[in-house]
Amino acid sequence: MQKRWVLKPKKNTDKTDKLQQELGINPIIAELLINRNVETFDQAKEFFRPSLSLLLDPFLMKDMDKAIERIERAIGNKEKILIYGDYDVDGTTAVSVVYSFFRNFNSGMEYYIPDRYSEGYGISTQGIDYAEANGFSLIIALDCGIKANDKIDYANSKGIDFIIGDHHLPGDQLPNAFAVLDPKRSDCPYPYKELSGCGIGFKIVQAFILQNNMDMELAYQYLDLVAVSIASDIVPITGENRLLTHFGLKKLNSNPSFGLKALIDLSSNKTGTFSVNDIVFQIGPRINAAGRIDHAKDAVQLLISKSLKEAKEFSLNIDDQNNARKEFDLNITEEALRLLNDNTVLQQRKTTVLYKEDWHKGVIGIVASRLTEKYYRPTIILTRTNGHIAGSARSVVGFDLYEALSECADLLDQFGGHKYAAGLTMPTENVTLFQERFEQVVSRTIKPEMLQQEVLIEKEINFNDIDTKFFRLLRQFEPYGPQNEAPIFLTKQVTFAYPAYIVGGIHLKFSVKQSDSVTYDCIGFGLGEFVDQINSGQPFDICYSIEENNWRGKKNLQLNVKAIKF
């Protein structure tokens, strides 16, 4: 599919010139900083020289004082505390951080992860009943609970206190919990609003340490888990998240926790240092697989391991679950693509809504993502579970999936999520009606350009703009992620330096130069179709990010080409 090239509009030129002069840097680097809202010398200093001293005071968060007071009272009175979390990477890492820290102060502590299939997302009645039956008087909920008003009322009726540590958007009314920690509360003065659920858990640990004059290194030992949560939950890597990720990656690459070390050792094909991308594609899916295939408590068991030997034993089970997840994922994706390829009516639609009753519920979200990448249109994958139809939905840039589902609400039992991803359930008899209605709604509201994938280009440059100092400063923009993506550059009128060839069946390896510039090696994932055109010798334009390729100990600059235009 031909991608739409979009050049970012240039921001305030006066600010760019001023920052360039203050820092004495390349004007292109100054413009990249301005694009990231880094506009002053002091902001640039914090951006390029991260320091843990810049972490925000956790007591700025509304209700943090109440939460710490309640935890201290529970520890002092030897109450039983249950750490409760969601079954995804963010939830399981959050539980692992808070449980690992507080088990040093309370022997009556357990963790609880709801079952994806029998309990579903968030606080469950079963979880509260478990707490009551086993004598827990305090539940700390992480990465969930901000809209669980009825469940919190149910717990209150049983004399169980809740501390909610969530990062999702609250509803109109907050739950009646003992303390509600969520920077997105309208009345919360905490300056940074985009922490992950595990980030909230980390702030609880940080607050307890501050309150009791303890060594903050006790909190920093969990930074690798926090970085894994931030990368896997696709939250913005800006502000405090960027700090946490920067130092979390340092720990992950130098002295990871036993559980993460065991997962890294399973990724034996990886050389060099782990990045945000490596977490997203190698560590995160393995942790997620536990909740998708069996039960996410297996992931927590791994992440709280007290020895590498113990962690390696648990990691083998996780790896088996991940292999099963990959097999389900591959088979269902192939089936879904066949359904589309065999049906010209479905191919011509502006949506993809596919249903098969025996598809594994744990991987339909992954399959929806893959089909969205392939056909680039709003996609929903449906399967049958527990007597009803469950679905996972994914959208394209700019299109509000949640709004579209709202217009189909009368056909659904329930739905939830946000602009780009959602989950839903419906009665079996509504599947065909829903497929038609969803297609009508999307066809009426989606703009044609939204159905063409865009490449957002930060700046047009020439190859001669790239030198060692330029790349050294560019490296300091890392860690990359949402709202701090690796800059994509456009360079026009390049030609091949050596003939292009295909690797891995569909990927392209080639080398390019621009008039009198040096030659750069390129990798173009999924761009194998261009091999003959490149080798014809005619000039072409490329957009790309710049990275360091480490192959068998040899390092060189490489252009990761996103799109080619002749």
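Please treat every number below as a calculation from the coordinates, not as lab data. Treat the numbers as computed from the prediction; the structure is a model and nothing was measured. Here the Cβ positions follow ideal geometry from the backbone for every residue, glycine too, while neighbour counts run over all protein chains shown.
Below is a table of values for the structure above.
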read-out	value
Principal axis dimensions, segment 206-256 - Cα atoms, whole angstrom, descending	33, 23, 14
Unit charges at the beta carbon, dipole of the chain: most positive-side option, N464, I25, I68	N464
Those trypsin sites (Lys or Arg not before Pro) in segment 87-164 that DSSP places in a loop and that have at most 15 other beta carbons within 10 Å	K158
Ranking of T92, T425 by count of other Cβ atoms within 10 Å, fewest first	T425, T92
Calculated FRET value between E407 and T432, using beta carbons and R₀ = 25 Å, to 0.05	0.90
Reduced Cα scattering model of segment 343-451, Debye log10 I(q)/I(0), q = 0.11, 0.17, 0.22 Å⁻¹	-0.28, -0.71, -1.26
The chain, dipole about Cα centre (Lys/Arg Cβ +1, Asp/Glu Cβ -1), debye to the nearest 20	1240 debye
Trypsin sites (Lys or Arg not before Pro) within segment 513-566: DSSP coil, no more than 16 neighbouring Cβ in 10 Å	R552
Candidates per GluC sites (Glu not before Pro) in segment 341-419, loop by DSSP, up to 11 other Cβ within 10 Å	E357
Residue-averaged 222 nm ellipticity for the chain, from DSSP H runs of 4+ at -39500 (n - 2.57), nearest 500	-12000 deg cm²/dmol
Cα pair distances of the chain binned at 20 Å [whole percent]	19, 51, 28, 2
DSSP beta bridges in the chain [antiparallel fraction, %, rounded to 5]	60 percent
Among Y121, G197, Q211 the positive-end extreme of the charge dipole of segment 58-317 (Cβ point charges)	Q211
Relative exposure of L54, L382, judged by other C-beta atoms within 10 Å (fewest first)	L54, L382
Extension reserve of the Q476-L218 stretch, reckoned as 0.36 nm per residue once the Cα distance is removed	90.2 nm
Farthest toward positive dipole pole in segment 314-456 [+1 Lys/Arg, -1 Asp/Glu at C-beta], among L330, Q452, T432	Q452
Number of Lys pairs (Cα under 20 Å; 8 or more positions apart or on different chains) in segment 343-451	7
Cβ-based net charge around M61, under 15 Å, with every Lys or Arg adding one and every Asp or Glu removing one	-2
Cβ charges +1 (Lys, Arg) and -1 (Asp, Glu), total dipole of segment 58-172, debye	340 debye
Full-extension gain in nm, V518 to K326, via 0.36 nm per residue minus C-alpha separation	65.0 nm
Net charge over other residues, Cβ less than 12 angstrom from the Cβ of I237 (K, R count +1; D, E count -1)	-3
Summed side-chain charge close to I200 - residues other than I200 whose Cβ falls under 13 Å, Lys, Arg +1, Asp, Glu -1	-4
In range of the label at I234: residues from segment 427-453 whose backbone nitrogen is under 18 Å from the point 7 Å along Cα→Cβ	450-453
Between segment 236-310 and segment 172-204, the alpha-carbon center distance in angstrom	24 Å
Under 21 Å from K459, Cα to Cα: lysines that are on another chain or at least 8 residues apart	K3, K8, K10, K11, K15, K18, K469, K492, K513, K562, K565
For q = 0.08, 0.10, 0.11, 0.17 Å⁻¹, Debye-computed log10 I/I(0) when each Cα of segment 58-317 counts as one equal scatterer	-0.28, -0.44, -0.54, -1.36
